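Read the structure below first, then the notes.
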Amino acid sequence: MVSILSAIIVIGILVLVHEFGHYVTAKYFNVKVLKFSIGFGPKIFGVKGKETEYLISSVPLGGYVKLYGEDDKDEIFEERDRAFSTQSPLRKIAIVFAGPFFNFLFAFFVFFLINTIGYKTVSTKIGDVKEKYPAYNAGIKKDDRILKINDISVKTWEDISKIIKSKDGSELTLEVQRNNQILIFKLKPVLESTKNIFGEDTKIPVLGIISSDELISISHPIHKSITRSFSQVYELTKMTLITIVKLIQRVIPVSSLGGPIMITKLAGETAKTGATSLILFMALLSVNLAVLNLLPIPILDGGHIILFSFELITGKKVSERFKEVYTYVGMFIIILLTITVFYNDIMRVILGK
């Protein structure tokens, strides 16, 4: 029950954010919005505003904003200046792009809030030292606390990992606290073969130190929270794009794709660890949703942007016949992906994964 409720909240909020982006931008350009729906299919509940009907629909796998003059040419003659199809290509692109943009904005806001208020993370205290590795050979011991690496202050284990990886195996100078003593160690990481998150062979520099389970609270000033949040959204976006490329290259198996059942399971597991974890999970999904919607696939936002970009460059709209075929291609791709993720979800349930 917790999993289902968590998934409904997560998906509902992300869809609301996405569709609100389309809605508010359309309103800004004075384009009439006929419907704003969370979910697809038959209406469960609806409220009629001045000119927009706000709906909660029965299939909670997305949502939509229906714009005046979007696909009904007869309506255009009544209020031509408020119809979507009569807007300039740039305005159309802005309205379509606003959905994914609001998902990026939502993720940024979540990261900014957590970075500013504070979060728990692993400290720089060493939990163990592996024998015959550089740290062990240099004399570093369990319970030592790393203060600086190459004169750069470190506050978290994440800081330590980033610096070590960024130096590509070059010699490091560690300032370490042991009881009341400050000790200096010079050591050179060794390159160790491992698997990255995509299952590919890679080599990373290691010192042979393992983090402790000590947690500390970290918060950042506003200016640093802003830059850190931008960086986190950028890294998630890059990771999502790399994952898509790896899927196309078949480095990542298609069987790893998940759908609503997988999201429900992950949402439930995340919710049990705390509200902060669930909110961060939402930020991750929000970036994924933004990137996927911007893919150049017909019927997705990215596919529409391609059509309107063509109109912007050439000054001509694509033919109705091309638009029809283009839409069918998009529907075929989406249906194929939907069948795939549902099949994967069902197989996971059957196999108990």
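The values are calculated or read from the model by the stated rules, or taken from the named source; none is laboratory data. A quick note: this is a predicted structure, and the numbers were derived from the prediction, not measured. Cβ sites come from the backbone with ideal geometry, for glycine too, and all protein chains shown count toward neighbours. Only protein heavy atoms, including side chains, enter the accessible area calculation; ligands, DNA and RNA are left aside. Shrake-Rupley method; radii C 1.70, N 1.55, O 1.52, S 1.80 Å.
Scan Val341, Val349 and give me the residue that is outside any loop (DSSP other than H, G, I, E, B), open to solvent by 80 Å² or more (accessible area, probe 1.4 Å) and modelled with pLDDT under 85. Full working, then the answer.
Numbers: Val341 fails: open to solvent by 80 Å² or more (accessible area, probe 1.4 Å).
None of the others qualify; the one that does is Val349.
In the range 177-196, the residues that are modelled with pLDDT under 90 form Cβ pairs under 7 Å with partners that are open to solvent by 60 Å² or more (accessible area, probe 1.4 Å) and part of a strand (DSSP E or B), at six or more places apart or across chains, as follows: Leu191/Lys203; Glu192/Lys203; Ser193/Asp201; Ser193/Lys203; Lys195/Asp201.
Taking first residues from the range 269-286 that are without any contact (Cβ under 8 Å) to a residue 12 or more places away in the chain and partners that are surrounded by 16 or more Cβ atoms within 10 Å (Cβ to Cβ), the Cβ contacts under 8 Å between residues at least 6 apart in sequence or on separate chains come to Ser277/Thr270; Ser277/Ala271. If you go through the range 48-62 and keep only what is among the aliphatic types (A, V, I, L, M) and free of Cβ contacts under 8 Å to residues at least 60 places away in the same chain, you end up with Leu55, Ile56, Val59.
Are there any helices (runs of 4 or more DSSP H) wholly within the range 57-164 with 2 or more residues that are modelled with pLDDT of 90 or more and within 21 Å of the chain's Cα centre (by Cα), and if so which?
Values: elements: 73-76, 89-117, 134-138.
In the range 57-164, the matching helices (runs of 4 or more DSSP H) lie at 89-117.
Can you name every residue in the range 179-207 that is out of contact with any strand residue (DSSP E or B) (no Cβ under 8 Å at 6 or more places or on another chain) and under 23 Å from Gly139 (Cβ atoms)? Reasoning before the result, please.
Looking only at the range 179-207, we keep the residues that are out of contact with any strand residue (DSSP E or B) (no Cβ under 8 Å at 6 or more places or on another chain), and these are 179-181, 197-200.
Across the range 179-207, the qualifying residues are Asn179, Asn180, Gln181.
Kindly list, by first and then second residue, each pair from a residue in the range 215-242 that is open to solvent by 80 Å² or more (accessible area, probe 1.4 Å) to a residue that is among the hydrophobic types (A, V, I, L, M, F, W, C), limited to pairs with Cβ atoms under 7 Å and residues at least 6 apart or on different chains. Qualifying pairs under 7 Å: Leu215/Val122; Phe230/Phe108; Leu241/Val291. Which condition from (1) in contact with a strand residue (DSSP E or B) (Cβ under 9 Å, 6 or more places away or on another chain); (2) open to solvent by 40 Å² or more (accessible area, probe 1.4 Å); (3) in contact (Cβ under 8 Å) with a residue 12 or more places away in the chain is the one that Phe29 breaks? Unmet for Phe29, out of (1) in contact with a strand residue (DSSP E or B) (Cβ under 9 Å, 6 or more places away or on another chain); (2) open to solvent by 40 Å² or more (accessible area, probe 1.4 Å); (3) in contact (Cβ under 8 Å) with a residue 12 or more places away in the chain: (1). What do you reckon, is Lys155 closer than 30 Å to Thr240 by Cα, in contact (Cβ under 8 Å) with a residue 60 or more places away in the chain, surrounded by 11 or more Cβ atoms within 10 Å (Cβ to Cβ) and charged (D, E, K, R)? Yes; evaluated as a whole, the condition is true for this residue. Of the candidates Gly268, Gly259, Gly303, the single residue that is touching a helix residue (DSSP H, G or I) at 6+ places or on another chain (Cβ under 8 Å), under 24 Å from Leu336 (Cβ atoms) and either surrounded by fewer than 17 Cβ atoms within 10 Å (Cβ to Cβ) or modelled with pLDDT under 85 (or both) is Gly259. Answer yes if at least one residue in the range 58-70 is of a type in the set (D, E, K, R), open to solvent by 60 Å² or more (accessible area, probe 1.4 Å) and more than 19 Å from Ile38 (Cβ to Cβ), and no otherwise. No, the range 58-70 contains no residue that is of a type in the set (D, E, K, R), open to solvent by 60 Å² or more (accessible area, probe 1.4 Å) and more than 19 Å from Ile38 (Cβ to Cβ).
Among residues belonging to the range 168-182 that are open to solvent by 70 Å² or more (accessible area, probe 1.4 Å) and touching a Pro at 6+ places or on another chain (Cβ under 9 Å), point out the one that is farthest from Asp144 (Cα to Cα).
Here is the first cut: in the range 168-182, the ones open to solvent by 70 Å² or more (accessible area, probe 1.4 Å) are 168, 171, 179-182.
After this cut, where a residue has to be touching a Pro at 6+ places or on another chain (Cβ under 9 Å) as well, the list is 168, 171.
Working: Asp168: 24, Glu171: 20 Å.
Ranking the qualifying residues of the range 168-182, first place goes to Asp168.
Condition first: outside any helix (DSSP H, G or I), in contact with a strand residue (DSSP E or B) (Cβ under 6 Å, 6 or more places away or on another chain), surrounded by fewer than 17 Cβ atoms within 10 Å (Cβ to Cβ) and in contact (Cβ under 8 Å) with a residue 24 or more places away in the chain. Can you find one or more residues in the range 36-47 that meet it? Yes, there is a match, as at least one residue in the range 36-47 is outside any helix (DSSP H, G or I), in contact with a strand residue (DSSP E or B) (Cβ under 6 Å, 6 or more places away or on another chain), surrounded by fewer than 17 Cβ atoms within 10 Å (Cβ to Cβ) and in contact (Cβ under 8 Å) with a residue 24 or more places away in the chain.
Right, Leu207: in contact (Cβ under 8 Å) with a residue 24 or more places away in the chain and among the aliphatic types (A, V, I, L, M) or not?
yes
Within the range 288-330, the set of residues being under 21 Å from Gly63 (Cα atoms) and not in a helix (DSSP H, G or I) comprises Leu294, Leu295, Pro296, Ile297, Pro298, Ile299, Leu300.
Close Cβ contacts (under 6 Å, 6 or more residues apart or on different chains) running from residues in the range 325-349 that are closer than 15 Å to Leu257 by Cβ to residues that are part of a helix (DSSP H, G or I) and of a type in the set (Gly, Ala, Ser) comprise Asn344/Ser255.
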